[in-house]
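> My questions all concern the structure below.
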Amino acid sequence: MTIQTVATKLFAGQRPGTSGLRKKVTEFQQPGYLENFVEAIFLTLGDCSGRTLVLGGDGRFYNRTAVQTILRMAAAHKVAKVLVGRGGILSTPAVSCVIRKHGAFGGIVLSASHNPGGPDGDFGIKYNIENGGPAPEKITEAIYAHTQSLTGYRISDAGPVDLDRIGATQLEEMAVEVIDPVADYAELMARLFDFDAIRALFGRGFTMRFDGMSAVSGPYAKAIIEGMLGAPAGTVINAEPREDFGGHHPDPNPVNAAELVALMNGADAPEFGAASDGDGDRNMIVGRNLAVAPSDSLAIIAANATMAPGYRAGIKGIARSMPTSQAADRVAEALGISCFETPTGWKYFGNLLDANLATLCGEESYGTGSNHIREKDGLWAVLFWLNLIAASGKSVNQLVQEHWARFGRNYYSRHDYEAVDAASADKMMVDLRAKLASLAGQSFGDFRVAQADDFVYTDPVDHAVASKQGIRIIMSDGSRIVLRLSGTGTEGATVRVYLERYEADPSRHDLDTQEALAPLIAIAEQVSELKQRTGRKEPSVIT
Ligand code: G1P
Ligand code: ZN
């Protein structure tokens, strides 16, 4: 076995986006493409001797190939030890958990999250730091800079590691330990939630359906919900991770998990429905005839957090991404704790969690989590809801309705215009930015613009500044329109329009969401000319 330096050509566009580098599989398959990015990670990390890294992914097509390449490169960079999930499998939250539990220096996550998989789908790679969370921008920018200047990559020519057998092996000087992908994570969940109460709930015949969407969370959900909590076999469906996610789009929202929603709206609906995404960090919570808005889920978990043993002592603060609804702000106010508003992307929560300024975090994009790890965590959110249902004796619907009655309802929706022409989308944002100053004070029907700006975030801990994080048009009654371009899409540009309206009156809490938001939807179009400029008649996805 020898370690070689392979000369390489540079690839443009290897700048990590909202959550790592995501590209078409075919782009990753170009000789040197993955290797260059991994080399850039190692160049950024510097001396790796004596250090442990965690490695795993969501099992999508190219996962195994990438794991073998990264192992051979890690050995060439003198990493002391790599903990790799059996079969190359580790959900994103499990990577975060394993990094923290084993005191690893960092980890590499192979996933394009909810983006479709398979030879024609997407692949992705992300570096997580010592605290278990996504690398902050100063590290991702350093990685990017290296991708633009490196001349070669170092790699061992050793043969493949047997990924399917748990146990220790050696690659060059490096120890490789193939670990059970579920064990550490399951042990953490059992400490946070009242497993006895949830077991008793299932013992009383409580019915649930968890859709693993043929992605990574299946094995975790099966082991925990059916194995440890005693739910009947068949509670977890689509539990086997597949390289192409069985042709599904593993994004847990009412559009892509339509089957689950139909089941929950039907006559034989179980009492609780849930789903997770490709890499297991997103969650969807569904009651009978009710898909819970992720922003509401965050607020409800926060308001009831002390029902779960891991949060008995109360929460320090809540953090939400800027486009996420302000439902959590009202809970924070009632609890007398801070609510932080961060840019989109989980990496912005890391400092707040490390500094113990926030305990719970959430994004409107079906992401919820806490300080137990440094990633959002799909199954954690589902277990939190199970814990709330078991402890309160209430249904999902009761929990939601009582929450609205107490705090008011933030009607909320996101309209995505996917794969539009990138130049038109950029121009729309530029023109809209230029208009912002003149929007304040203007009236549109019943709404008056109180503030219009492009969100700038200053991290309260390290004072790093992130600018151009989304255009906000805030009305005098707190209603909002937010527009931003996606940082995870792999085709053209994706424009996201976020809409929010507050309703205090409980007699008006059962309106159709799109109808409740109709005036704001019209204002968003009037101001941005989005449809006209992109040539689209309607959004590609409404959630
Ligand atoms: C999207 C979501 C964002 C989430 C990210 C990674 O990013 O909107 O909330 O953190 O995926 O899961 P976007 O495509 O909007 O940049
Ligand atoms: Zn994900």
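The values are calculated or read from the model by the stated rules, or taken from the named source; none is laboratory data. Values in this document were obtained by computation on a predicted structure and should not be read as measured data. A quick note on method: Cβ atoms are made from the backbone with ideal geometry, for glycine too, and the neighbour counts reach across all protein chains shown. These accessible areas exclude ligands, DNA and RNA; they are computed on the full protein's heavy atoms, side chains included. Shrake-Rupley method; radii C 1.70, N 1.55, O 1.52, S 1.80 Å.
> Filter segment 258-268 down to residues that are open to solvent by 10 Å² or more (accessible area, probe 1.4 Å), in contact (Cβ under 8 Å) with a residue 24 or more places away in the chain and within 28 Å of ALA112 (Cα to Cα) and give me whichever is nearest to ligand 1 (Cβ to nearest atom).
VAL261
> If you don't mind, another one. Could you tell me which numbered condition VAL255 fails, if it satisfies all but one of (1) open to solvent by 60 Å² or more (accessible area, probe 1.4 Å); (2) hydrophobic (A, V, I, L, M, F, W, C); (3) outside any loop (DSSP other than H, G, I, E, B)?
Every condition holds for VAL255 apart from (3).
> Assess whether ILE155 counts as being in a strand (DSSP E or B) and under 30 Å from THR2 (Cα atoms).
Yes: the conditions hold for ILE155.
> Residue under question is ILE89, and the condition is that it be under 19 Å from GLU240 (Cα atoms), over 17 Å from the mean Cα position of the chain (by Cα) and either surrounded by fewer than 24 Cβ atoms within 10 Å (Cβ to Cβ) or at pLDDT 95 or above (or both); does it hold?
Answer is yes for this residue.
> Related question: Could you tell me which of the residues SER476, SER528 is polar (S, T, N, Q), in contact with a helix residue (DSSP H, G or I) (Cβ under 8 Å, 6 or more places away or on another chain) and either more than 27 Å from TRP346 (Cα to Cα) or at pLDDT 95 or above (or both)?
SER528
> Here is a list of conditions, (1) among the charged types (D, E, K, R); (2) closer than 30 Å to ARG204 by Cβ; (3) open to solvent by 10 Å² or more (accessible area, probe 1.4 Å), and ASP377 meets all of them except one; can you say which number that is?
Looking at each condition in turn, ASP377 falls short on (3).
> Show the residue pairs meeting these rules: Cβ distance below 6 Å; 6+ apart or different chains; first residue within segment 110-121 and under 12 Å from PHE245 (Cα atoms); second residue more than 12 Å from ligand 2 (Cβ to nearest atom) and assigned to a loop (DSSP other than H, G, I, E, B).
Sorted first by the residue in segment 110-121, then by its partner, the pairs are PRO116/HIS249; GLY117/PHE61; GLY117/ASP244; GLY118/PHE61; GLY118/ASP244; PRO119/PHE61.
> Do we have GLU271 as more than 16 Å from ligand 2 (Cβ to nearest atom), among the charged types (D, E, K, R), under 27 Å from ALA190 (Cα atoms) and open to solvent by 30 Å² or more (accessible area, probe 1.4 Å) here?
yes
> Name the residue, out of ASN289, ASN253, that is more than 16 Å from ligand 1 (Cβ to nearest atom) and either of a type in the set (A, V, I, L, M) or out of contact with any Cys (no Cβ under 6 Å at 6 or more places or on another chain) (or both).
Answer to the selection: ASN289.
> While we're looking at this one, here's another question. Is it fair to say ASP329 is among the charged types (D, E, K, R), out of contact with any Leu (no Cβ under 6 Å at 6 or more places or on another chain) and open to solvent by less than 10 Å² (accessible area, probe 1.4 Å)?
The answer is no for ASP329.
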